[in-house]
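Note sheet for the following structure.
The values are calculated or read from the model by the stated rules, or taken from the named source; none is laboratory data. Everything quoted here is computed from the prediction, not taken from an experiment. Cβ placement follows ideal geometry from the backbone for every residue including glycine, while neighbour counts extend to all protein chains displayed. These accessible areas exclude ligands, DNA and RNA; they are computed on the full protein's heavy atoms, side chains included. Shrake-Rupley method; radii C 1.70, N 1.55, O 1.52, S 1.80 Å.
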Amino acid sequence: MNPAFVWPPRHAPGFPVGCADAGDVLGRIAEEGRPGITMTVVTSALRASIEESGDHYAGLRRVRESLAALGNGSHGERWSASYYGKDLVLTSADATEPPPMHFPHGARLGWSWDRVALGTDMAQRRESLLFACYKVSMAARTRRDRPEIEETQASRVIGGVTRMLGKAETASLLAGVLVRPLGGADGVPGAAPEDDPRLPGVLSADGWTASETVTGPRPTGCYMVSDVHDIEWGTRRRTDGARITEGNAQQLIPLAEAWHAGRLDTATVLKGAYCLRLRRESQLLAHLRALSSAVRPTGSLYATLGDGLSGLVTDVAIARKAVRFANQQTEGAMHSGAGVAHVTAEAFGVVRERAHFSLHVTKTLKGSVRPGGLLHEFGEALDAESAEYAREFLMSLKRNGPGQAGYHHLQHARRWRDWWAEHVPPSARPDFLSL
């Protein structure tokens with residue numbers, strides 16, 4: 001069995017060279033037996049960066065470069081920097097206060113810190129560190145979204161959440177992503193060298209970066225990109241509102257309501273939310289592993305998008321079969337949709353954007369039980385019923401206005417309105433061109 005972490009620490013997938021994986025660094029701290037540490041977490045507004053850049057990968061790269069610049073700043077030898085997803089984790093064995101923060105220009109970041117007491121048992125120390133990372137990350141997210149908050153210590157920031165946020169906002173906060181290596185404990189094998197450190201059995205984004213350019217006089221195959229639909233609030237069937245899948249935040253509404261009503265204290269709420277997050281992370285791992293394994297050995301998908309994968313598959317039929325298989329493995333818990341575009345002699349950036357448009361199409365059809373809600377192939381025209389489902393979805397977002405859940409899908413549709421016009425019947429084109 002592989003350990004949960006390795007040393008020297010693995011590279012944090014997708015980050016610039018020299019960025020260590022947070023799971024490995026926290027695992028090493030647990031092994032060293034320190035009585036306590038100071039932990040600082042810096043988190044980013046990834047979705048805002050993506051929307052501003054108009055490109056998922058460009059937005060992700062900008063966020064990670066900003067975090068790397070901050071982590072490589074003048075914090076001295078007292079602080080160790082590590083990374084995962086869209087977070088920077090700074091730890092120190094002897095500092096009692098956070099390091100000074102000087103954010104790079106143009107980056108929307110938030111940070112918080114706390115002292116973390118560690119016990120004598122290594123497994124308990126590991127859990128204490130991972131739980132602390134979850135808690136401090138939530139405080140950092142709160143301060144990122146509400147820059148007027150002057151308090152920086154995580155325990156105090158979290159203590160004021162119910163005065164600042166509504167119940168749904170609180171549930172969304174509690175559902176935040178963990179910085180956690182899932183392998184190497186509870187009988188789960190650890191990640192292989194080519195895997196994402198946090199997702200054993202799923203290839204690291206670093207592998208995809210190395211093979212991103214498609215060359216050859218006769219390129220073949222398809223670029224595929226997937227994403228879990230409604231991972232935060234779950235999906236309901238369009239016709240009768242019946243729940244199709246659960247959502248991370250949706251499952252936490254009862255805890256958020258009890259916290260707001262004063263029936264549960266902060267410590268009890270955080271422990272309950274953390275346990276639920278662990279279960280959802282395990283379900284996500286099972287889902288992504290099923291999707292990844294279903295395209296092998298002729299294709300490869302990489303963990304490039306948080307709760308989605310991207311890479312090359314031989315044909316659309318294999319992609320569709322893989323998504324259907326993964327959705328069956330996590331029936332009722334989480335479902336993915338996927339966009340597929342044929343690799344051509346054109347610039348690969350064009351192919352990739354086409355696949356992202358097709359993934360966007362699946363978002364507009366989720367819950368409709370239309371074939372395109374599972375997978376859409378760029379260039380495949382939507383029938384009248386599917387086009388109407390997509391139009392209704394986007395028009396509801398337009399009516400709700402900015403700031404509402406899912407509004408970014410309307411922004412995508414506006415950017416891709418010409419492609420929408422090419423994919424819907426002539427009678428529907430005026431509505432999509434005037435979004």
Residue under evaluation ALA58, criteria (1) open to solvent by less than 50 Å² (accessible area, probe 1.4 Å); (2) farther than 24 Å from PHE131 by Cβ; (3) at pLDDT 80 or above; (4) hydrophobic (A, V, I, L, M, F, W, C), criterion not met: (3)
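When you scan the range 302-317, how many residues do you find that are among the β-branched types (Val, Ile, Thr) and farther than 10 Å from CYS222 by Cα?
As a first pass, look at the range 302-317 and keep what is among the β-branched types (Val, Ile, Thr): 304, 313-314, 316.
This time we only want the ones that are farther than 10 Å from CYS222 by Cα, so: 304.
Qualifying residue count for the region: 1.
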Restricted to the range 208-232, and to residues that are outside any loop (DSSP other than H, G, I, E, B) and at pLDDT 90 or above, which residue is most open to solvent (accessible area, probe 1.4 Å)? ASP227
Where residues in the range 40-55 are modelled with pLDDT of 75 or more and either out of contact with any Ser or Thr (no Cβ under 8 Å at 6 or more places or on another chain) or part of a loop (DSSP other than H, G, I, E, B) (or both), which of them is surrounded by the fewest Cβ atoms within 10 Å (Cβ to Cβ)? ALA45
Given (1) under 21 Å from the mean Cα position of the chain (by Cα); (2) part of a helix (DSSP H, G or I); (3) surrounded by 15 or more Cβ atoms within 10 Å (Cβ to Cβ), MET334 misses just (2)
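Working carefully through the options ILE29, ILE37, find the one that is of a type in the set (A, V, I, L, M, F, W, C), modelled with pLDDT of 90 or more, in a strand (DSSP E or B) and surrounded by 15 or more Cβ atoms within 10 Å (Cβ to Cβ).
Answer to the selection: ILE37.
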Only residues that are at pLDDT below 90 and either part of a helix (DSSP H, G or I) or over 26 Å from the mean Cα position of the chain (by Cα) (or both): list them for the range 1-22, please. MET1
Of the conditions (1) among the small types (Gly, Ala, Ser); (2) over 28 Å from ARG289 (Cα atoms); (3) open to solvent by 20 Å² or more (accessible area, probe 1.4 Å); (4) free of Cβ contacts under 8 Å to residues at least 12 places away in the same chain, the single one that GLY349 does not satisfy is (2)
Restricting attention to the range 298-329, the residues that are over 23 Å from VAL351 (Cα atoms), crowded, with 21+ Cβ neighbours inside 10 Å and among the polar types (S, T, N, Q) number exactly 1
Single unsatisfied condition, SER386 versus (1) in contact (Cβ under 8 Å) with a residue 60 or more places away in the chain; (2) crowded, with 21+ Cβ neighbours inside 10 Å: (1)
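Matching residues to (1) in contact with a strand residue (DSSP E or B) (Cβ under 7 Å, 6 or more places away or on another chain); (2) assigned to a helix (DSSP H, G or I); (3) closer than 20 Å to ALA171 by Cα; (4) open to solvent by 60 Å² or more (accessible area, probe 1.4 Å):
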{"residue": "GLY234", "(1), (2), (3), (4)": "yes, no, yes, no"}
{"residue": "THR239", "(1), (2), (3), (4)": "no, no, no, yes"}
{"residue": "LEU252", "(1), (2), (3), (4)": "no, yes, yes, no"}
{"residue": "ARG289", "(1), (2), (3), (4)": "yes, yes, no, yes"}
{"residue": "ARG296", "(1), (2), (3), (4)": "no, no, no, yes"}
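Can you say whether SER368 is within 25 Å of the chain's Cα centre (by Cα), at pLDDT below 95 and among the hydroxyl-bearing types (Ser, Thr, Tyr), as far as the supplied structure shows?
On the way: within 25 Å of the chain's Cα centre (by Cα): yes; at pLDDT below 95: yes; among the hydroxyl-bearing types (Ser, Thr, Tyr): yes.
Here the answer is yes, as SER368 does meet what is asked.
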Given the criteria touching a strand residue (DSSP E or B) at 6+ places or on another chain (Cβ under 6 Å), at negative phi and modelled with pLDDT of 95 or more, does VAL351 qualify? no
Could you tell me whether the range 95-115 includes any residue that is open to solvent by 20 Å² or more (accessible area, probe 1.4 Å), charged (D, E, K, R) and outside any loop (DSSP other than H, G, I, E, B)? yes
Select from the range 140-157 the residues that are assigned to a loop (DSSP other than H, G, I, E, B) and touching a residue at least 24 places away in the same chain (Cβ under 8 Å) and write down the one among them that is least open to solvent (accessible area, probe 1.4 Å). THR152
Please state which of the following conditions ARG198 fails to meet, knowing it meets all the rest: (1) modelled with pLDDT of 90 or more; (2) under 25 Å from THR40 (Cα atoms); (3) buried (at least 17 other Cβ atoms within 10 Å of the Cβ). (1)
Hey, can you tell me all the residues within the range 345-396 that are under 20 Å from HIS56 (Cβ atoms) and either assigned to a loop (DSSP other than H, G, I, E, B) or charged (D, E, K, R) (or both)? GLU346, ALA347, ARG352, GLU353, ARG354, LYS363, LYS366, GLU377, PHE378
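Output the residues belonging to the range 238-269 that are aliphatic (A, V, I, L, M) and touching a Lys or Arg at 6+ places or on another chain (Cβ under 6 Å). Lay out the reasoning, then the answer.
Kept after step one, since they are aliphatic (A, V, I, L, M), are these residues of the range 238-269: 242, 244, 249, 252-253, 255-256, 258, 261, 264, 267, 269.
The answer is ILE244, ALA256.
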The one condition in (1) under 21 Å from THR170 (Cβ atoms); (2) open to solvent by 20 Å² or more (accessible area, probe 1.4 Å); (3) touching a helix residue (DSSP H, G or I) at 6+ places or on another chain (Cβ under 8 Å); (4) at pLDDT 95 or above that PHE131 fails to fulfil: (4)
Neighbours by Cβ (under 9 Å, 6+ apart or cross-chain): first from the range 260-280, assigned to a loop (DSSP other than H, G, I, E, B); second open to solvent by 60 Å² or more (accessible area, probe 1.4 Å): ARG263/GLU257
